[in-house]
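Worksheet for the structure shown next.
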Amino acid sequence: MTQLDAVHASSSREQTMSRRPAAREEARPRVLVVEDDPSLAVMLRYNLEKLGYQVEEAADGQEALLRVAESAPDLLLLDWMLPSLSGIEVCRQIRRRPQTRDLPIIMLTARTEEQDSIRGLNTGADDYITKPFGMEALAARVRALLRRAQPQASGLRQFADIVLDGTEHRVQRAGRPVHLGPTEYRLLEFLMQHPRRVFSREDLLNAVWGADIHVEARTVDVHIRRLRKALNAPGEVDVVRTVRTAGYALDLEPV
């Protein structure tokens, strides 16, 4: 049993610990800031509250897992270097649980190497921003990720044996449920809107992340790999085709 399993089980037994916020508060997205630097945590809280978000704080990985288990936020701002339990391990444990596998996560870190960003994304983070960062850039990423995480009432879409329900925000393949994070869901939704059409990394960045968000092109490759892993069970055809030097397409034709 992971630490997140343990705290979630404890939280489930103690229903009296959870308090229902007022209706007006429920309409405001709730952001959990996990940061052990008090001055940075205060700055993030001040600016996010000024933008209209509810903000909660956790100073280490253990506290973050406890808060997520008790009441999952709408988005997690997660520092990589945390005492007792790293942000990478917190992210890994959150992604293991069905109840929190779709929780939007932005990783905050002073690490600037490309391999570090790839490692963070491969662990399950939806986005990655390096310190120091401007609040305007972070706010844009928060808005974009929350927007991608919202269900879109676009009805049913189907490609081959894949069915995407935009109303319920669910995906099935050959009758089995496919669990996707918000970014992978938006990628699949966009590709299903344009089957067999090849899109470059830049096309996908603009369509899924937004033209106003600066994200490395390699980020697309990481999320495509995660989409493939979720979509393709053993023996199933890989429907996400890589077109060398051109990009990606949703297609049944062989590579």
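Structure notes:
- Test: Leu146 is in contact (Cβ under 8 Å) with a residue 24 or more places away in the chain, among the aliphatic types (A, V, I, L, M), assigned to a helix (DSSP H, G or I) and open to solvent by less than 70 Å² (accessible area, probe 1.4 Å): yes
- Per this entry, Asp221 is counted among residues that are of a type in the set (Asp, Glu), closer than 27 Å to Glu113 by Cβ and either in contact with a His (Cβ under 6 Å, 6 or more places away or on another chain) or without any contact (Cβ under 8 Å) to a residue 24 or more places away in the chain (or both).
- Counting only helices (runs of 4 or more DSSP H) that sit completely within the range 59-134, those holding 2 or more residues that are over 14 Å from the mean Cα position of the chain (by Cα), buried (at least 23 other Cβ atoms within 10 Å of the Cβ) and among the aliphatic types (A, V, I, L, M) correspond to 61-70.
- Residue in the range 177-192 that is surrounded by 16 or more Cβ atoms within 10 Å (Cβ to Cβ), closer than 18 Å to Arg141 by Cα and among the aliphatic types (A, V, I, L, M) present: yes
- Residue under evaluation Glu63, criteria (1) under 16 Å from Leu145 (Cα atoms); (2) without any contact (Cβ under 8 Å) to a residue 60 or more places away in the chain; (3) of a type outside the set (A, V, I, L, M, F, W, C), criterion not met: (1)
- Criterion (open to solvent by 20 Å² or more (accessible area, probe 1.4 Å), modelled with pLDDT of 90 or more and farther than 22 Å from Arg119 by Cβ) met by exactly one of Ala230, Ala174, Ala211: Ala174
The values are calculated or read from the model by the stated rules, or taken from the named source; none is laboratory data. Source: prediction; values computed, not measured. Note that each Cβ is placed from the backbone with ideal geometry, even for glycine, and that neighbours are counted across all protein chains shown. What goes into the accessible areas is simple: the full protein's heavy atoms, side chains included, and nothing from ligands, DNA or RNA. Shrake-Rupley method; radii C 1.70, N 1.55, O 1.52, S 1.80 Å.
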